[in-house]
Amino acid sequence: MNKYNFAFFDEQSKREIRRALLKAVAIPGYQVPFASREMPIARGWGTGGLQVMLAIVGKKDVIKVIDQGSDDSVNAVSIRKFIQQMTGVLETAETSEASIVQSRHRVPEVPLTGEQILILQVPIPEPLRETEQSELRAKRLHAEKEYSGVWLSLFEQIMKYGCTATGADHPTMVHERYVMSPSPIPRYDNRRLNDCAALILFGAGREKKIYALPPYTKVESLAFVDRPFVSESMHGKICRLCGAEGVFLDESVQAAGAGPFYECNDTGYCRQRQSSKSRLDRGEQSGD
Amino acid sequence: MAYVAVKGGEAAIAESIKRLRYERLRERRTIAVKAIRSGLRALVDRVMSEASLYAKELAALAIKQAEGNPEEATFLLRAYRSTLPRKYYSRLTSMGSMFVERRISAAFKDIAGGQLLGASADYTHRLLDFNLEKETSANVRAWLAAFQREQEAEKPSVMPRVELPRVTDILRSEGLLRRMQQDDTAPRDITRQSMTFPAERSERLQTLTRGESGAVVALGYAAIRGYGLAAHPTVAALMVGRVAITIDYPLGACDSDDEALYLGQVRVTEVDAIIPAAKKGQGGKQEIEIRLGYGLCFGQNESKAIAMSVLDYCLEHPIPDSPVHDEEFVLTHIDSVEASGFISHLKLPHYVTFQSELDAARRINRGER
Amino acid sequence: METNEGAVLSLQNFRKQFGSGCEKCADLDERHLQRNYCPNCRTTYACADVSLELYGGEILGVVGESGSGKSTLLRCLYFDEEASSGEAFLQGYKSGQVNIFTETGQQKRYIRNYHLGMVYQNPYMGLRMSFSSIGNIAEKLIAAGGRSVDEMTGRATSLLHKVDIPPYRFLETPATFSGGMQQRVQIAKALSNNPPILLLDEITTGLDLSVQAKVLDLIKGIQRELSISMIVVSHDLAVIRMLAERTIVMLDGKIVEQGLTDQVLEDPQHPYTQKLVQSLL
């Protein structure tokens, strides 16, 4: 592997991605184009996040990589291994120990601190894509802060279904200026982007865009004043492994008739709780 | 536990990779990189073109590793390309200096310098040649020796230097094709600076020449079949040949080619396609103008180069509501690594996003607000 | 230049040309033009220096044959097309001090959303056919900053009631509606933000006579009730006679006659108007 430079890229490439990152941090929620490189993992498999990671990772960093909340998911393993091979940095499954967390579609349950950076992988960075296919026109709409299309599509959902029908990737308004795709995180995670202590970086490799939320940025999920934003309902559901409540749970299907069971989606968080379960049992149970 | 089973562990991944290696080797044979390079010339050309890295040896290695899957081989080569620093940009290469191996024109029966057929499968019948099953190195050597004797016998003692005028220059001299201002603006390197829309022509040409061959051919075909210009382009010239690549002497720009550093040659396919179009002439008079579409790609890759020339024309002359004339549509969908990457990402677990959708569906079906 | 006393809209020397123009035709000298067309540079002057005023609460009729420039006039006022030159002032926008033709795209959008309503001849231009009728009306409310679902649906329902769309069809898409109904949804949409000015382009063309009458009644009713100023463009003198108090006659991009509707129709001065009125009788 010594045929490759530290963190895979040549230094020139890293500097260029860092420049895009700086611009992204300076204009929260604004999508900065960057010359996305082809990576040894496939486009659509987290190359945007990976490029951001490789551009910022240093020798003393401790990294955590999760995919849909899991440290063990095939793609998380593959990305973590690659970063490790190219840098030799330490890795961890515990959120609190990591200095950089790369994640696909989840914000870790353990609240992030100002010492940490969260990198989210983004498949489709353009929140207006659904209502405006042309990138050129979408760019103009952003420039003019003209977001009627997004609002109208939410309104139509309410007309059609009685409530908004967004799954993951519910659009957000950043710093009262740019409408931003939070990446396909569940709606439960949207509110956790707001006023977050950590720097959050978004990388879209295939679409060649980088954007960012500096610490403590205001992030609002788009919602009409009389139809408040609704997260996924975790009400009355408990993790069967660690007993956690009020966290994002995976629903698993058993044989017919047995009904679903639930486990923490954030596997690192769950394991940590299990190992200190006795202490938790003595104390008061709390969700987050 | 069915759904959780998609989470593999590190051990499972290691086993999967081992299995992949086994599939490549199970017949107890290995194919030499050299054999791929010499015997799979078309595939090597295609992979170099789609990866936009002219390196036969590396392309052959990628093909070996990818077990011949061009999408995978392109991917490997592109990823490797990402690690290479961009140290120099080549000097302007004049296509007029091409060492031509094949040059045909569909526009004229005969052209100055003649039609040079070169090597092409165009004039063969596509019948499986079962003799190839029994081809041995002895056969090959004997055939080559005979071929060389034949060549020697026919070769004139002094090779006349034949000038090959460009077909488009002939049309220009007749005033049928507009003379264009030579434009030597440095192209925007799309591998260093992300392409933004509206794209410059240099960005469009780079994206087209890196395009996946099948995708470029399919869209070019759609354009001439009726979902676009609906005109029949004529290939003014298709040329296959080698051109020299030079860079400025690193300590300063140089004025003449003699002072430049010669890096080597690349084989390319170049196409000038001509397409007649209506235009408003002086004073708004309707006229017919002959316009040009340009295709150029690494290696001998003729369908791709022709389709590229059609698409170059389409993007230079947009027609509203026609996808093949829409640069965002064409340029964002023809890249092999991007298209195959996003399609294949559907294999990744999506249980969080899916559950989120499920939640919305249930909420709606329960009639909650 | 600014708006005249009492005019909600003032248009001065408005020109829309297709083509580059040349030194021969730039001054619109009739000796060089064939009607509104310059044979030298093949430029068409769809609107050749049109000036007009629209007063508060009035309906101004614009009549003329197809190609006379009357629809182009509306499309430019609604910014669907860009004016080539000239000035337009709205009393309600920046106190009528600013030429709206030279405002930024963002400002033009604001003017469309707050000061103007438009009803097109072809409902496909004015409606999103795959969105609900309520959603269509909400679109304009959202664009003007509406963020309350209940308020917007309330407003949309009352407007749809006003234009006689049966309530059980409020959530349906206009694609499934008859031409007359589509036109009425368009009118409701145009009214959604209480614009001071409504632009109506051949809105009854292509409708059955009985349906036409209903749409015209609706317009008349709206004008009486809300005293919105309107410009009604039509090639149909009957429509103009019924709606407009004042009428402008356009031919080849120019205004050839104007006055009170009765006066224009009873005692036409220009030969073209005379022919037009005769053909109606």
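Quick note: the coordinates plus some simple rules give every number you see, no bench work behind them. These numbers were taken from a predicted model, which means no experiment stands behind them. Positions of Cβ are backbone-derived with ideal geometry, glycine not excepted, and every protein chain shown enters the neighbour counts.
Once the chain from A:Val253 to A:Gln133 is taken as fully extended at 0.36 nm per residue, the excess over their C-alpha distance is 39.5 nm. Computed from label points 7 Å out along Cα-Cβ, the spacing between C:Tyr124 and B:Ala32 is 6.6 nm. Holding the Cα-Cα limit at 22 Å, pick out from A:Lys139/A:Lys209; A:Lys160/C:Lys189; A:Lys64/A:Lys218; B:Lys109/B:Lys279 the pairs that are longer than that. Over 22 Å apart, Cα to Cα: A:Lys64/A:Lys218; B:Lys109/B:Lys279.
Summary of the geometry: region A:45-80 and region A:99-172, compared by the centres of their Cα atoms, lie 21 Å apart.
The Cys residues in chain C with no partner Cys Cβ within less than 4.7 Å of their Cβ are C:Cys47, C:Cys76. What percent antiparallel are the DSSP beta bridges of chain C, to the nearest 5? Counting DSSP beta bridges with both partners in chain C, the antiparallel share is about 55 percent.
By the equivalent-ellipsoid construction on the alpha carbon gyration tensor, chain B comes out with semi-axes of 40, 33, 22 Å, ordered largest to smallest. Using a Gaussian network model of chain A with C-alpha springs under 10 Å, which one of A:Leu136, A:Leu128, A:Leu249 is most mobile by mean-square fluctuation? The residue with the greatest mean-square fluctuation here is A:Leu136. Pairs over the 19 Å Cα-Cα cut-off, from the set B:Lys304/B:Lys347; C:Lys16/C:Lys220; C:Lys108/C:Lys140; B:Lys34/B:Lys304; A:Lys14/A:Lys59; C:Lys70/C:Lys220: B:Lys304/B:Lys347; C:Lys16/C:Lys220; B:Lys34/B:Lys304; C:Lys70/C:Lys220. Modelled spin-label separation between C:Glu23 and B:Ile17, with each label point placed 7 Å from Cα along the Cα-to-Cβ direction: 7.7 nm.
Between region C:109-163 and region B:17-65, the alpha-carbon centres lie 60 Å apart.
If R0 is 35 Å, what FRET efficiency do you get for B:Ser90 and B:Ser303 from their C-beta distance, rounded to 0.05? It comes out at approximately 0.85. Highest mean packing comes first when the peptides C:161-167, C:43-49, B:326-332, B:15-21 are listed by Cβ atoms within 10 Å, giving C:43-49, B:326-332, C:161-167, B:15-21. Taking the fewest neighbouring Cβ atoms within 10 Å as the starting point, the ordered list for A:Cys270, A:Cys163, C:Cys22, B:Cys314 is C:Cys22, A:Cys163, A:Cys270, B:Cys314. Along the Cα-to-Cβ line of A:Arg19, 7 Å from the Cα, sits a label point; which residues in region B:171-205 have backbone N less than 19 Å from it? Counting only backbone N, you get B:186-197, B:200, B:203. Expressed as a whole percent, the proportion of Cα-Cα pairs in chain C lying more than 22 Å apart is 58%.
Here nothing in chain C passes the span test, since no DSSP H helix has an alpha carbon length of 27 Å or more along the helix axis and a Kyte-Doolittle mean of 1.6 or above. A:Ala26 label point, 7 Å along Cα→Cβ, cut-off 19 Å on backbone N: hits in region B:193-208? Flagged as within label range: B:193-194. Separation of region C:1-80 from region A:191-210 is 51 Å, based on Cα centroids. On the beta carbon distance between B:Asp169 and B:His317, with R0 = 25 Å, the FRET formula returns roughly 0.70. The radius of gyration of the Cα set in the protein assembly as shown, together with its Dmax, comes out at 34.2, 106 angstrom. Taken one residue at a time, the phi angles of region B:19-30 give Karplus couplings (6.51, -1.76, 1.60, θ = phi - 60°) of 4, 4, 5, 4, 4, 6, 10, 4, 7, 6, 10, 10 Hz. Gly and Pro are set to x. The modelled label-to-label distance between C:Thr102 and A:Glu176, using points 7 Å beyond Cα along the C-beta direction, is 3.2 nm. Treating r as the C-beta distance of B:Asn131 and A:Arg140 and R0 as 51 Å, the FRET efficiency rounds to 0.25. Residues whose amide H comes within less than 5 Å of that of B:Asn301, counting only those at least five positions distant or on another chain, are B:Thr269 (H built at 1.01 Å from N in the peptide plane).
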